[in-house]
Each structure stands twice: as structure tokens, then as C-alpha cells.
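Accompanying notes for the structure given below.
What follows draws every value from the coordinates through simple rules; no lab data is involved. Since the model is a prediction, treat every value here as computed from it, not as a measurement. Heads up, the Cβs are rebuilt from the backbone with ideal geometry, glycines too, and the neighbour counts pull from every protein chain shown.
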Amino acid sequence: MNKTKHTADTVFALLLFCAFAVSMLIVLTIGVRAYQGVRDSVENNYSQDTCVSYITTKIRHADETGGSVYLGDYCGIPALFTAENFDDTAYLTAIYFYDGYVKEFSALAELFTDTNNPVEPDFGFDILPVTALTFEMTEENLLHITCVGTSKKAEQVYLHLRAGGQ
């Protein structure tokens, strides 16, 4: 009888330990899935939120320093240009979408190249991976920017340009 009670106690302790281990695995699995969901959401929102914030900051800086902000073509690609003057030297920055990235190309206004070596759109610095980026001047001095992040969610912003836009 004593041996049966000892065996029952051992089996009960073993079952209790197994139940605890299984419940720990279930809780860990749920936690990992929740963490992955949050991480994916943050990564997906990062590209479009950062894209709009980056471009907005560049525009506001150029607009505040008396520079100009305008839309045009950079190597045949629609682009946003900011032009600023520092110490009698003109600086031009082009922000555009090319090959899955928001790109930026900055140059002195005096920058030149021969016709055999034209500036290419892939010369720009990769800023962020996105799906699409568009610029549109909707009204006088009102710039509409749309950035579609890697999650295919669009982020939009309207900016009123103080220095004027084209």
C-alpha cells in the first residue's frame, strides 16, 4: 500500500510538472506571436511615417531659410527640389522615388558633368524603402505629398509653402 501511494504521488507530481511546462509553452508561444505582430506593425509603419517626416523637415528647413521649394523632373523622374543659398553658393537638393526607394541627390548649383557622363537617378542616396512617393502642387503654395510604405499603407500630408512653390 505504501508503494502504491508513493507511485501515485510521483505520477501526480509528474503530471503537475507536465501541465506547468505545457502552459509555459503556450504562454511563450502567444507572447512570441504578439511580439512579432507588434514588430511587423512598427516596421511597416516606420517607412511611410519616417518618409513623410523626413521630407516635411527638409521642406520646412528650406522654406524657413528663404530658399525655394518646387516640383520638377530629375532625370525624367518627378521630383521635389529645394534650393538654398549659403555664403553666396547655391545648393540644390532633389528628393524623388526610384527603384523602390526615396532617394536624395544634393549638389552645388555649379556642379556640371560632360554629356557622355550624365547624372543618373541611381546616383542619389537611398533614404527609405517605400512602394510609391508622389508630389503634387494642389493650390497656390499648397504641396500634397503621398508616401506609400512597404505595408502598402499611404501616408499623406499637405504643406503650405511660405516662400512659394512652382
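Here are some notes:
- Note, ³J(HN,Hα) from phi for the range 140-155, Karplus 6.51, -1.76, 1.60, rounded to Hz, x at Gly and Pro: 4, 6, 10, 9, 10, 10, 10, 10, 9, x, 5, 8, 6, 8, 8, 10
- Interchain or long-range residues, amide H under 5 Å from VAL102's placed H: ILE127, LEU128, VAL130
- The modelled label-to-label distance between THR56 and TYR158, using points 7 Å beyond Cα along the C-beta direction, is 1.4 nm.
- Neighbour counting of Cβ atoms within 10 Å sorts the residues ILE77, ILE55, ILE26, ILE127, fewest neighbours leading, into ILE26, ILE77, ILE127, ILE55.
- Radius of gyration and maximum dimension Dmax of the range 46-160, Cα, Å: 14.2, 43
- Amide H contacts under 5 Å for LEU133, placed H, 5+ residues apart: VAL148
- The range 30-41 - phi-based ³J(HN,Hα) in whole Hz, Karplus 6.51/-1.76/1.60, Gly and Pro as x: 5, x, 5, 5, 5, 4, 4, x, 5, 4, 4, 5
- When each of CYS18, CYS75, CYS147 is scored by the number of other beta-carbon atoms lying within 10 Å, the sequence from fewest to most is CYS18, CYS75, CYS147.
- Computed from backbone phi with θ = phi - 60° and the Karplus coefficients 6.51, -1.76 and 1.60, the 3J(HN,Hα) list for the range 130-139 is 9, 8, 7, 8, 10, 10, 8, 8, 7, 9 Hz; x is used for glycine and proline.
- Contact order for the range 46-160, expressed relative to its length and based on alpha carbon pairs under 8 Å spaced 6+ residues apart, stands at 23 percent.
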